[in-house]
1. In region 18-31, which residues are over 16 Å from the mean Cα position of the chain (by Cα) and hydroxyl-bearing (Ser, Thr, Tyr)?
2. Looking at region 3-27 only, could you name the residues that are surrounded by 12 or more Cβ atoms within 10 Å (Cβ to Cβ) and charged (D, E, K, R)?
3. Could you grab the pairs with beta carbons closer than 8 Å, sequence gap of 6+ or different chains, first residue in region 86-102 and at pLDDT below 90, second one open to solvent by 50 Å² or more (accessible area, probe 1.4 Å) and part of a helix (DSSP H, G or I)?
4. Is it fair to say GLU40 is touching a Leu at 6+ places or on another chain (Cβ under 6 Å) and closer than 12 Å to TRP104 by Cα?
5. Just to be sure, is ILE14 closer than 28 Å to GLN109 by Cβ and part of a helix (DSSP H, G or I)?
6. If you take the residues of region 17-47 that are in contact (Cβ under 8 Å) with a residue 24 or more places away in the chain, β-branched (Val, Ile, Thr) and in a helix (DSSP H, G or I), which of them is nearest to ARG115 (Cα to Cα)?
7. Can you tell me which residue among ALA30, ALA51 is surrounded by 13 or more Cβ atoms within 10 Å (Cβ to Cβ) and among the aliphatic types (A, V, I, L, M)?
Amino acid sequence: MLRYDFENSVGYWICMTSHAFRRTLSARLAEEGITLRQWEVLAWLACNGDASQSELAECLGIEPHTLAGVVRRMERDGWLRRTSCSDDRRRNRLEPTERGEEVWRRALQHCHAIREQAVAGFTPAELSLLKKLCAEIRANLAVPDHPCQPCEAEAQATSRKKTNAARRSAQPSSAAALQ
């Protein structure tokens, strides 16, 4: 008989939570005619801008040939375009088209609804703690100099810039302080 202490497994808790999110999101995205894998491609591009297929495959944790089929269907449907990299013509860069951006906007409506459903009953403090703990787990498991950085790093940098700007604007200037 296979045994494991699942009740104490952080990995199991996170994995099962991820499965619940993915199952729900997949069902909702199907209503828009988009697969979860296609959504992941658009989500990665939304966070990181255009990317090469090989970079994207590595960051999504899928085989390049699997991604090639996903990209081919997205290109066929007019959601993505492939362009040759200026520094290496053997590599393709992916960028969303206007139609891909339209599909992304519709998918985001479902994502926001699922997010609200998932965190129903959580206080802002609980959500803040959950975010902090998940970030700490990822930091503990991070691979140094790995090319795939989550888009939260950019969001945190933007948030810090806004916070610092707000602090600067709230502080009286030295001339005003003297008056």
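The values are calculated or read from the model by the stated rules, or taken from the named source; none is laboratory data. These numbers were taken from a predicted model, which means no experiment stands behind them. So basically every Cβ, Gly included, is an ideal-geometry build from the backbone, and we count neighbours across all protein chains shown. With ligands, DNA and RNA removed, areas are computed over all heavy atoms of the protein, side chains included. Shrake-Rupley method; radii C 1.70, N 1.55, O 1.52, S 1.80 Å.
1. Answer for region 18-31, where residues must be over 16 Å from the mean Cα position of the chain (by Cα) and hydroxyl-bearing (Ser, Thr, Tyr): just THR24.
2. ARG22 - this is the single residue of region 3-27 that is surrounded by 12 or more Cβ atoms within 10 Å (Cβ to Cβ) and charged (D, E, K, R).
3. Correct list of pairs: ARG91/SER54.
4. Values: touching a Leu at 6+ places or on another chain (Cβ under 6 Å): yes; closer than 12 Å to TRP104 by Cα: yes.
Answer is yes for this residue.
5. Yes.
6. Across region 17-47, the extreme among qualifying residues is THR24.
7. ALA51
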